[in-house]
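Any read-out appearing in this document is the output of simple, stated calculations on the displayed coordinates, not a laboratory observation. Bear in mind the structure is a predicted one, so any value in this text is a computation, not a measurement. Quick reminder, even Gly has a Cβ in these numbers, built from the backbone with ideal geometry, and neighbours come from all protein chains shown.
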Amino acid sequence: MKVYLFRHAQKSSTPWDNPPLSDYGFSQSLMLADIVVNRRKLEIPQHLLCSPKLRCQQSLAPLARVLDCQIEVQNILDERDLNESYPEFSMRVRDFLDSLTEKAAHFKGCFYLCSHLDWIEEALIRIPCDRDLLALAQWPPLSYIAFEIEGGLWKFIEFKPIEV
């Protein structure tokens, strides 16, 4: 099973609590759809999952439209809440990654996940990978990391930003 983990596209600065994408962010989301559907540079996903934040949903929306599929909003992919302790947040991320690892034994398709920088940084600590992921410190908006999950191990494929 393949997993592409995306940081959301560039966001606007307001409103502070749940901003939409900026104009550039919308361009990035359109470029993602083009790269997947027209240029065939990334595998076509069978599942699109994202945080409940507007910027994550908007990052995948053009791709969902052209693929005629639904975006599954998952609270577990949301950024850390101010009232959530670090151990609670870490466990939430770990539990989700464990569930994907289990699914890989039975599912051979592709998942796209769109989340936030804090969620991704925590995931990079928790992913059982064949490569040191902590070196990937720079995550511009709409960057992604791709993995192939086999036998419980997440095998690194590539790390790239989506540029307009």
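Can you give the net charge of the other residues whose Cβ lies under 9 Å from the Cβ of E79, counting K and R as +1 and D and E as -1?
Details: positive: K53, R80; negative: D78, D81, D118.
Here the charged neighbours net out to -1.
So which chymotrypsin sites (Phe, Trp or Tyr not before Pro) in segment 1-101 pass both tests, a DSSP loop state and at most 10 other Cβ atoms within 10 Å of the Cβ? Before the final figure, lay out each step's value.
Numbers: sites: Y4, F6, W16, Y24, F26, F89, F96; in loops: W16.
Filter output for segment 1-101: W16.
Suppose R0 equals 30 Å; then what is the FRET efficiency for N83 and A137 from their Cβ-Cβ distance, rounded to the nearest 0.05?
On the way: r = 27 Å, r/R0 = 0.91.
Efficiency, from the Cβ-Cβ distance: 0.65.
Only bridges whose two residues both fall in the chain count here: according to DSSP, what percent of them are antiparallel, nearest 5? Intermediate results must be reported in sequence, preceding the final value.
Details: 14 of 28 bridges.
Close to 50 percent.
Place the peptides 142-154, 65-77 in order of packing, highest mean first, counting for every residue the other Cβ atoms within 10 Å and averaging per peptide.
On the way: 142-154: 18.8, 65-77: 14.2.
Sorting 142-154, 65-77 by mean packing, highest first, produces 142-154, 65-77.
Could you compute how fast segment 59-151 diffuses translationally, taking Rh as the Kirkwood radius over C-alpha pairs and applying Stokes-Einstein at 10 °C with viscosity 1.306 mPa s? Give it in µm² per second.
Numbers: Rh = 14.7 Å.
The estimated diffusion coefficient comes to 108 µm²/s.
Only Cα pairs within less than 10 Å get springs; with that Gaussian network setup on the chain, which residue of A33, A123, A135 has the largest fluctuation?
Highest fluctuation among the options: A135.
Give the cysteines in the chain for which no other Cys Cβ lies under 4.7 Å away, or write none if there are none.
C69, C110, C129
Which of L49, L32, L97 moves most in a GNM of the chain, Cα contacts under 10 Å?
Largest GNM mean-square fluctuation: L97.
Below 12 Å Cα-Cα, how many Lys pairs turn up in segment 2-161? Only count pairs eight or more apart in sequence, or on different chains, if you could.
Numbers: K2/K103; K2/K108; K2/K155; K11/K53; K41/K160.
Going through segment 2-161 pair by pair, I get 5.
Net charge near P45: determine it from the other residues with C-beta under 12 Å of the C-beta of P45, scoring Lys and Arg +1 and Asp and Glu -1.
Values: positive: K2; negative: E43, E72.
Cβ neighbours under 12 Å give a net charge of -1.
So what is the calculated 222 nm ellipticity per residue for the chain, using -39500 (n - 2.57) for each DSSP H run with n of 4 or more, over all residues, to the nearest 500 deg cm²/dmol? Don't skip to the answer; put the middle values down first.
Values: 4 runs with 54 residues, N = 164.
Taking each H run of at least 4 residues, the total per residue is -10500 deg cm²/dmol.
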